[in-house]
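There's a structure below that I have some questions on.
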Amino acid sequence: AQSVTQLDSQVPVFEEAPVELRCNYSSSVSVYLFWYVQYPNQGLQLLLKYLSGSTLVESINGFEAEFNKSQTSFHLRKPSVHISDTAEYFCAVSGTGANNLFFGTGTRLTVIP
Amino acid sequence: NAGVMQNPRHLVRRRGQEARLRCSPMKGHSHVYWYRQLPEEGLKFMVYLQKENIIDESGMPKERFSAEFPKEGPSILRIQQVVRGDSAAYFCASSEERTEAFFGQGTRLTVV
């Protein structure tokens, strides 16, 4: 089985500052990794994913995440955050041989003007 | 191609009543997942279904909760004899074989 740990439940950061949201996973098999974003009162939207290939993946709105197999991590980063990035961010993992997705408890990113 | 459709968006039930939550997956998707999000908590996996089959229900409470995904029609999450602790947002997601899951807008259940 797979599991995900997001150590930071809340991360406040000033506008235009960099941010890192941490995600660690555990799995006995190879994994796919995902970051989802949830804006208030909405469903989850896929932000980016790692399936194979390059360990650094990027989203269209400036976020990136790096798969680090030795540290079992998939931290999400953005060099300069915007007010509109305020949301809940969820890291998720699935085994490559299965479809099931397991989520972390989420990190609430609050961007302060 | 419409996204994952969940209805109703908001549902109010009195204690002891039944709640039925519906999820229509994206066209072509045969995998459906249900998650529950309690206030101030993350998403908790409940059940994973393919057409007419329950693949993994390890996150489903043992009593009062059931789910189905019939050959025709939406997936249904059914909660019998609801209690206040069932109040939460319930999210459905769908996917094709081994691809990312797409989420619906959720159903917010309030038990009064």
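How long is the gain from A:S84 to A:N41 if the chain were fully straight, where each residue apart is worth 0.36 nm and the alpha carbon distance is subtracted? Walk me through the numbers on the way to the answer.
Numbers: separation 43, 0.36 × 43 = 15.48 nm, distance 1.48 nm.
Going from the current span to full extension adds 14.0 nm.
Same structure again: Count the lysine pairs in chain B that are 8 or more places apart or on different chains: how many have C-alpha atoms under 17 angstrom apart?
4
Right, next: Please turn the phi angles of the range A:6-15 into ³J(HN,Hα) values with the Karplus equation 6.51 cos²θ - 1.76 cosθ + 1.60 (θ = phi - 60°), one per residue in order, whole Hz, x for glycine and proline.
Once θ is set to phi - 60°, the couplings for the range A:6-15 become 10, 6, 9, 7, 9, 9, x, 8, 6, 4 Hz.
Let me ask something else. Project the alpha carbons of the protein assembly as shown onto their principal axes and report the range along each, largest first, in whole Å.
49, 39, 33
In chain A, how does Rg compare with the Kirkwood Rh, expressed as the Rg/Rh ratio over alpha carbon atoms?
0.96
Provide B:D86, B:D56 in ascending order of the number of other Cβ atoms located within 10 Å of each residue's Cβ, fewest first. Mind showing how you got there, number by number?
Working: B:D86 20, B:D56 16.
The most exposed by this proxy come first: B:D56, B:D86.
Next up: Taking every DSSP beta bridge with both residues inside chain B, roughly what % is antiparallel (nearest 5)? Let's see the in-between values first.
On the way: 34 of 38 bridges.
If I count the DSSP bridges inside chain B, around 90 percent turn out antiparallel.
For A:Y25, B:Y48, which order do you get if you count the other beta carbons within 10 Å of each Cβ and list the fewest first? Let's see the in-between values first.
On the way: A:Y25 20, B:Y48 25.
Neighbour counts put them in this order, fewest first: A:Y25, B:Y48.
Give me the compactness ratio for chain B, meaning the Cα radius of gyration over 2.2 N^0.38 Å.
Computed over Cα atoms of chain B, the ratio equals 0.99.
Also, I was wondering about something else. Taking a point 7 angstrom from the Cα of B:Q50 along the C-beta vector, which residues in the range B:6-37 have backbone N less than 18 Å away?
The answer is B:25-34.
Report, please, the projected area of the range A:11-72 averaged over directions, based on the convex hull of its C-alpha atoms, in nm².
Result: a mean projected hull area of 5.6 nm².
If I stretch the segment between B:T99 and B:R9 completely, what's the gain in nm (0.36 nm per residue apart, minus their alpha carbon distance), one decimal? All intermediate terms of the calculation are to be shown ahead of the outcome.
Working: separation 90, 0.36 × 90 = 32.40 nm, distance 2.58 nm.
Taking 0.36 nm per residue and subtracting the Cα distance, the gain is 29.8 nm.
Roughly what percent of Cα-Cα pairs across the range A:70-113 reach past 15 Å?
Summing the P(r) of the range A:70-113 above 15 Å gives 57 percent of all pairs.
Over chain B, what is the relative contact order in percent, taking alpha-carbon pairs closer than 8 angstrom and at least six residues apart?
Taking the mean separation of contacting Cα pairs over the length of chain B, I get 37 percent.
We did not get these values from a lab; they are worked out from the coordinates using the rules stated. Worth saying up front: this structure is predicted, and the values here are computed from it rather than measured. Don't worry about glycine lacking a Cβ; one is built from the backbone with ideal geometry, like all the others, and counts go over all protein chains shown.
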